[in-house]
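Engineer: One structure follows; several queries about it will come next.
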Amino acid sequence: MSELTKRILFAVPAATLFIWLAWMGGIYFNTIMALLALGTVWEVDRLMKNAGFGGFFGVSVAIAALLWFSSSLPSLVVLAGFLAAIIPLIAFLFKKYHGFGYQWISMLFCGLYAPIGYLMVVHVRELGVDTQGFWLILSLFFMIWGNDIFAYFIGRSFGKNKLAPNVSPNKSWEGFWGGFLGAATGALIAWGIAADFPLTLVELLPAAVVVSITGPLGDLTESRLKRLAGMKDSSSLLPGHGGLFDRFDAMILTAPFLFFYFTFFL
């Protein structure tokens, strides 16, 4: 059985379950997102330790829990997300020094980066009234999935110019630009099937551009960390997909930006 077949056989029922939980919303959706965040924190901590930036997993979990159950305004949470996004840049621009300062950078990155992404998905689900938040969630993931699928197949068929050869050799500029078409297709599908989508199509389509930029950046961030760690996947939790961080790397960086984007129009 090919890796692509394994991915599809796992992805279809998993995506169906995820969409159902997003439709239910409330405690069901919030709980699964919290569990996914916790699992991703573990994977990121594992990668950071193998990369030589290891910290303390318990402290990272405590930071994530304080963030998750904080009563802070969502805007403050997202601001912390932007700050957390520059932490890997600080770590990756320098050689792999070992020291107490890098342990704290590792703990902050593990405790903030992924949990903020998952938490912003929860906040997107709570936007609007009735089922409007569900349709926003659906558009978010349809755009991410469309971007990923089109980038993969277009890059595989026509890719000649490497996007980031030292970080992710299989990615090409052709696949990157093809991902824009995939994200736009995902947006159109979500908008077309929605019963009460809260945005017009003109308002929604620019979100596809946001996804097409932040999604690959999130993917490259994880790829850089895996390369430093000398690991192919963040874990083996998901058959054919690797780990949670492998599957949700694009969402983690995209969700805060789309939360702000959707909030602006609502």
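Engineer: State which residue is surrounded by the fewest Cβ atoms within 10 Å (Cβ to Cβ) when the search covers only region 185-201 and only residues that are touching a residue at least 60 places away in the same chain (Cβ under 8 Å) and not aliphatic (A, V, I, L, M).
Structural biologist: That would be 196.
Engineer: I'm checking my understanding of the structure. Among residues of region 45-58 that are under 22 Å from the mean Cα position of the chain (by Cα) and hydrophobic (A, V, I, L, M, F, W, C), which one is surrounded by the fewest Cβ atoms within 10 Å (Cβ to Cβ)?
Structural biologist: Residue satisfying both the conditions and the ranking: 57.
Engineer: Now, a different point. Tell me which residues, restricted to region 111-164, are of a type outside the set (A, V, I, L, M, F, W, C), within 22 Å of residue 199 (Cβ to Cβ), touching a helix residue (DSSP H, G or I) at 6+ places or on another chain (Cβ under 6 Å) and surrounded by fewer than 21 Cβ atoms within 10 Å (Cβ to Cβ).
Structural biologist: Once the filter is applied, which keeps residues that are of a type outside the set (A, V, I, L, M, F, W, C), within 22 Å of residue 199 (Cβ to Cβ), touching a helix residue (DSSP H, G or I) at 6+ places or on another chain (Cβ under 6 Å) and surrounded by fewer than 21 Cβ atoms within 10 Å (Cβ to Cβ), region 111-164 yields 123, 126.
Engineer: Could you check residue 20 against (1) within 26 Å of residue 231 (Cα to Cα); (2) exposed (fewer than 13 other Cβ atoms within 10 Å of the Cβ); (3) aromatic (Phe, Trp, Tyr) and say which number it fails?
Structural biologist: It is condition (1) that residue 20 fails.
Engineer: Can I ask one more? Can you find a residue in region 202-225 that is hydroxyl-bearing (Ser, Thr, Tyr), modelled with pLDDT under 90 and surrounded by fewer than 18 Cβ atoms within 10 Å (Cβ to Cβ)?
Structural biologist: no
Engineer: Moving to a separate point now. Residues of region 238-266 being aliphatic (A, V, I, L, M) and surrounded by fewer than 24 Cβ atoms within 10 Å (Cβ to Cβ), which ones?
Structural biologist: 238, 251, 258, 266 - these are the residues of region 238-266 that are aliphatic (A, V, I, L, M) and surrounded by fewer than 24 Cβ atoms within 10 Å (Cβ to Cβ).
Engineer: So is residue 142 farther than 23 Å from residue 248 by Cα and either of a type in the set (A, V, I, L, M, F, W, C) or in contact with a Phe, Trp or Tyr (Cβ under 9 Å, 6 or more places away or on another chain) (or both) or not?
Structural biologist: Criteria not met by residue 142.
Engineer: For the condition closer than 29 Å to residue 69 by Cα and acidic (Asp, Glu), what is the one hit in 126, 174?
Structural biologist: Details: 174 fails: closer than 29 Å to residue 69 by Cα.
Answer to the check: 126.
Engineer: Now for a different question. Go through (1) in contact with a Phe, Trp or Tyr (Cβ under 7 Å, 6 or more places away or on another chain); (2) surrounded by fewer than 21 Cβ atoms within 10 Å (Cβ to Cβ) for residue 173 and report which single condition fails.
Structural biologist: In the conditions (1) in contact with a Phe, Trp or Tyr (Cβ under 7 Å, 6 or more places away or on another chain); (2) surrounded by fewer than 21 Cβ atoms within 10 Å (Cβ to Cβ), residue 173 misses (1) alone.
Engineer: While we're here: Checking residue 182 against (1) surrounded by fewer than 21 Cβ atoms within 10 Å (Cβ to Cβ); (2) over 20 Å from residue 264 (Cα atoms): exactly one of these is not met. Which one?
Structural biologist: Residue 182 satisfies all of (1) surrounded by fewer than 21 Cβ atoms within 10 Å (Cβ to Cβ); (2) over 20 Å from residue 264 (Cα atoms) except (1).
The values are calculated or read from the model by the stated rules, or taken from the named source; none is laboratory data. Since we're looking at a predicted model, the values are computed, not measured. Positions of Cβ are backbone-derived with ideal geometry, glycine not excepted, and every protein chain shown enters the neighbour counts.
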